[in-house]
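S.K.: Right, I'll just put the structure down here and ask away after.
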Amino acid sequence: MSMRVCLDTRPGGANPNEDWVAGSPTLAIVLDGLSTAGLSTGCQHGVPWYVAQLGGHLLASLADSQRSLSGGLADALERVAGMPPQCDLKNPGTPSATVAILRQRSDAFDHLVLADSPIVFEDATGYSMITDLRVDEILPELRTETERHETHTPEHREALQALVTAQRQVRNTPEGYWVAAAGQDAAEHALTGTTALEGLRAAAVMSDGVSRLVTEYEMATWADAFASLRRGGPRELIERVREVEATDPTGRRWPRYKSGDDASVAFCQW
């Protein structure tokens, strides 16, 4: 039994989309490029280029169904790191991304999650979310300072840059959190597991620009979200996120890093 995967991705504003999503009859992948907050990355290509290259290599690596998800991610990371010799991959701000992968086998699903792009399963009893929130435990004082200010203000931009600068110092270290970036070390720190196919009804792989409708804004339940996905596909769910964010453009009700984040969904049914 193969999956039917419906996809959509939308930028959060006028800037290029830093998310990337792809699917096949056995695979769904969502990448969410980390914001640079206007700071240098040491890379002339940029985050959209990075997620596109990483995504393409992931698809190629995981075409071998016998390869583990973490092994496929390590291979893809190594291949991308070997592509741009003119870039400074040792720069702490080198382009990076969250990773969420769902792969179907004959009787089960393998998953890999690295950072906060979640996978949500629907079964007869309800919904379960797999995500990696280690970044939320890092630098809480700077996160709070950023969230004190309305978006689109100089104070917010200054606080966000201070937060991102500090995060870069602990990114992909034992004292910090792990994301896909230069080198393959992060792959072995991803959260991986297997879920039996029996009893599952559907699954959604998404960036946090979508999941926050439920987890942060609390303007929908997972039952509501999956009803939207069945009714109008990923586009309808993303549009619902945008409608909610439009009621709070400066982040007064829901403090956040930007008014609208890039949003991607791969909705999986079988």
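S.K.: Yes or no: ALA187 touching a residue at least 60 places away in the same chain (Cβ under 8 Å) and surrounded by 19 or more Cβ atoms within 10 Å (Cβ to Cβ)?
M.R.: Yes: the conditions hold for ALA187.
S.K.: Give the residues of region 84-123 that are touching a His at 6+ places or on another chain (Cβ under 9 Å), among the hydrophobic types (A, V, I, L, M, F, W, C) and surrounded by fewer than 21 Cβ atoms within 10 Å (Cβ to Cβ), sorted by residue number.
M.R.: CYS87
S.K.: Condition (residue is in a loop (DSSP other than H, G, I, E, B) and crowded, with 16+ Cβ neighbours inside 10 Å) applied to region 63-81: is it met by at least one residue?
M.R.: no
S.K.: Please go through region 147-193 and pick out each residue that is more than 30 Å from HIS111 (Cα to Cα) and in contact with a Phe, Trp or Tyr (Cβ under 7 Å, 6 or more places away or on another chain).
M.R.: LEU160
S.K.: Which residue is nearest to the chain's Cα centre (by Cα), if the candidates are limited to region 239-267 and must be charged (D, E, K, R) and either closer than 15 Å to VAL214 by Cβ or not in a loop (DSSP other than H, G, I, E, B) (or both)?
M.R.: Per the stated criteria, the residue is ASP261.
S.K.: What is the residue count in region 70-102 for residues that are within 18 Å of SER207 (Cβ to Cβ) and in contact with an Asp or Glu (Cβ under 7 Å, 6 or more places away or on another chain)?
M.R.: The number of residues fulfilling the criteria is 2.
S.K.: Taking region 20-38 as the region of interest, how many residues are modelled with pLDDT under 95 and either of a type in the set (A, V, I, L, M) or within 17 Å of the chain's Cα centre (by Cα) (or both)?
M.R.: Residues meeting the conditions: 3.
S.K.: Being in a helix (DSSP H, G or I) and not charged (D, E, K, R) is the requirement here; does GLY56 meet it?
M.R.: When the stated conditions are applied, GLY56 passes them.
S.K.: What do you reckon, is GLY193 surrounded by 14 or more Cβ atoms within 10 Å (Cβ to Cβ) and under 27 Å from PRO95 (Cα atoms)?
M.R.: Judged against the criteria, GLY193 is not a match.
S.K.: Tell me whether region 34-43 contains one or more residues that are small (Gly, Ala, Ser) and either over 30 Å from SER259 (Cβ atoms) or crowded, with 22+ Cβ neighbours inside 10 Å (or both).
M.R.: No, region 34-43 has no match at all.
S.K.: Can you name the residue in region 129-183 that is among the hydroxyl-bearing types (Ser, Thr, Tyr) and under 26 Å from GLU245 (Cα atoms) and, of all such residues, is nearest to the chain's Cα centre (by Cα)?
M.R.: Looking at the filtered set, the residue picked out is THR131.
S.K.: Still on this model: Take ALA204 and tell me if it is of a type outside the set (Asp, Glu), within 15 Å of HIS111 (Cβ to Cβ) and part of a helix (DSSP H, G or I).
M.R.: It is false that ALA204 is of a type outside the set (Asp, Glu), within 15 Å of HIS111 (Cβ to Cβ) and part of a helix (DSSP H, G or I).
Listed here are the residues, each with its yes/no results for (1) more than 22 Å from LEU191 (Cα to Cα); (2) touching a Lys or Arg at 6+ places or on another chain (Cβ under 8 Å); (3) in contact (Cβ under 8 Å) with a residue 12 or more places away in the chain.
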position: ALA22; (1), (2), (3): no, no, yes
position: VAL30; (1), (2), (3): no, no, yes
position: ALA37; (1), (2), (3): yes, yes, yes
position: SER61; (1), (2), (3): no, yes, yes
position: SER70; (1), (2), (3): no, no, yes
position: LEU77; (1), (2), (3): no, no, yes
position: LYS90; (1), (2), (3): yes, no, yes
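S.K.: Pick out, from region 85-171, the strands (runs of 3 or more DSSP E) lying fully within it that include 1 or more residues that are of a type in the set (A, V, I, L, M, F, W, C), touching a Pro at 6+ places or on another chain (Cβ under 6 Å) and modelled with pLDDT of 95 or more.
M.R.: The strands (runs of 3 or more DSSP E) meeting that bar are 126-130.
S.K.: Okay, moving on. Name the one entry in GLU155, GLU175, GLU198 that is in contact with a His (Cβ under 8 Å, 6 or more places away or on another chain), loosely packed, with under 15 Cβ neighbours inside 10 Å and farther than 21 Å from LEU73 by Cβ.
M.R.: Sole residue among the options that is in contact with a His (Cβ under 8 Å, 6 or more places away or on another chain), loosely packed, with under 15 Cβ neighbours inside 10 Å and farther than 21 Å from LEU73 by Cβ: GLU155.
S.K.: Next question. Consider GLY42 carefully, then state whether it is touching a residue at least 24 places away in the same chain (Cβ under 8 Å), farther than 20 Å from SER264 by Cβ, in contact with a Lys or Arg (Cβ under 9 Å, 6 or more places away or on another chain) and not β-branched (Val, Ile, Thr).
M.R.: Considered against the rule, which asks whether it is touching a residue at least 24 places away in the same chain (Cβ under 8 Å), farther than 20 Å from SER264 by Cβ, in contact with a Lys or Arg (Cβ under 9 Å, 6 or more places away or on another chain) and not β-branched (Val, Ile, Thr), GLY42 comes out as yes.
S.K.: Hey, can you tell me all the residues within region 10-26 that are assigned to a strand (DSSP E or B) and surrounded by 24 or more Cβ atoms within 10 Å (Cβ to Cβ)?
M.R.: Passing the criteria: ASP19, TRP20, VAL21.
The values are calculated or read from the model by the stated rules, or taken from the named source; none is laboratory data. Because the structure is a prediction, the values reported are computed rather than measured. Cβ coordinates were reconstructed from backbone atoms using ideal geometry, including for glycine residues, and neighbour counts include every protein chain displayed.
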